[in-house]
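The structure appears below as structure tokens.
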Amino acid sequence: FRADAGSKAGWRDRGGGGARAHPRPERRERTTGEGFEEERPSLVPYAGRFDGFQAVPASVSKTCLVRFEKNRYSVDGRAVGRPVEIRAYAERVEFWQDGKIVGAHPRAFGRDGAIYDPLHYIPVLVRKPGALRNGAPFKEWELPPAIRRVRRRLARMPNGDRQMVQILSMIPTDGLDAVEEACAEALNESAPAASVVLNILARHREPPPPLNIATPDGLRLTCEPKA
């Protein structure tokens, strides 16, 4: 039984004041409210929301999928070949490996479904960039407009798939918005190439130049040091 700081007021409110007058079943000389106050020091303080889930061990298939109940869920491609722990909540499913989440999806209650996160397959695309065109995880991938335009432009180039994979591989580290902005900037410069997009992202990651601070007169050197 847990009680937080507001449990006393909430408990009394729910009882409508009756707890202060209703006698305890086992000790009729005392009221239920008085018994609660006696036991309050023994209650465990509220420690936050209870993390309730069903834990199930599972394996990861070669297609980066984990089966749970009647459906399959994607996990990070680097998790293939090692077991994972499924943590099934009421509304979501998480997949843990080595103390880290390697996949998370809204829980599906149908059957024979495959729930994909395209970013889980980035490690696979690095080895097989051609899968970007026909792979099941990417058929319904709704990318932002600028990234889609770059993808269409690169699709006409001999090594366009590999360049596109290089751009998409930056999403987990730089974020989707940053990659979208870099693609838009590359399009404005009429240079929608992976090298240009990656260069723009690298520039945006650089810290801003330090501010020039005027040196107060009291801190100016009166005797310049010799080299």
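The values are calculated or read from the model by the stated rules, or taken from the named source; none is laboratory data. Just so you know, these numbers come straight off a predicted model, no measurement behind them. Virtual Cβ from ideal backbone geometry, glycine too; neighbours counted across all protein chains shown. Calculation scope for accessible area: heavy atoms of the full protein, side chains included, ligands and nucleic acids excluded. Shrake-Rupley method; radii C 1.70, N 1.55, O 1.52, S 1.80 Å.
Please state which of the following conditions residue 192 fails to meet, knowing it meets all the rest: (1) under 22 Å from residue 60 (Cβ atoms); (2) in a loop (DSSP other than H, G, I, E, B). The one condition residue 192 does not meet is (1). Looking across the stretch 167-176, the residues that are part of a helix (DSSP H, G or I), in contact (Cβ under 8 Å) with a residue 24 or more places away in the chain and open to solvent by 30 Å² or more (accessible area, probe 1.4 Å) come down to 172, 174, 176.
With respect to the stated conditions, residue 184 is surrounded by 11 or more Cβ atoms within 10 Å (Cβ to Cβ), in a helix (DSSP H, G or I) and not hydroxyl-bearing (Ser, Thr, Tyr). Residue by residue through the stretch 96-146, note down the ones that are part of a loop (DSSP other than H, G, I, E, B), open to solvent by 20 Å² or more (accessible area, probe 1.4 Å), in contact with a helix residue (DSSP H, G or I) (Cβ under 8 Å, 6 or more places away or on another chain) and more than 16 Å from residue 62 (Cα to Cα). 130, 141, 144 - these are the residues of the stretch 96-146 that are part of a loop (DSSP other than H, G, I, E, B), open to solvent by 20 Å² or more (accessible area, probe 1.4 Å), in contact with a helix residue (DSSP H, G or I) (Cβ under 8 Å, 6 or more places away or on another chain) and more than 16 Å from residue 62 (Cα to Cα).
Among residues of the stretch 200-219 that are modelled with pLDDT of 80 or more, those with a Cβ under 9 angstrom from a residue that is part of a loop (DSSP other than H, G, I, E, B), sequence gap 6+ or separate chain, pair up as 200/189; 201/170. Just one residue in the set 73, 89 is farther than 15 Å from residue 59 by Cβ, open to solvent by less than 60 Å² (accessible area, probe 1.4 Å) and hydroxyl-bearing (Ser, Thr, Tyr); that residue is 89.
Within the stretch 86-95, the set of residues being in a loop (DSSP other than H, G, I, E, B) and aliphatic (A, V, I, L, M) comprises 90 only. Condition check: open to solvent by less than 40 Å² (accessible area, probe 1.4 Å), more than 28 Å from residue 57 (Cα to Cα) and either part of a strand (DSSP E or B) or touching a Pro at 6+ places or on another chain (Cβ under 9 Å) (or both). Does residue 161 satisfy that? The answer is yes for residue 161. Assigned to a helix (DSSP H, G or I) and open to solvent by 30 Å² or more (accessible area, probe 1.4 Å), is that true of residue 149? Yes. Restricting to the stretch 176-202, count the residues that are over 16 Å from residue 143 (Cβ atoms) and small (Gly, Ala, Ser). Total satisfying the criteria: 5. Only one entry of 63, 31 meets the criterion of being of a type in the set (S, T, N, Q), open to solvent by less than 90 Å² (accessible area, probe 1.4 Å), closer than 28 Å to residue 172 by Cβ and at pLDDT below 95, and that entry is 63.
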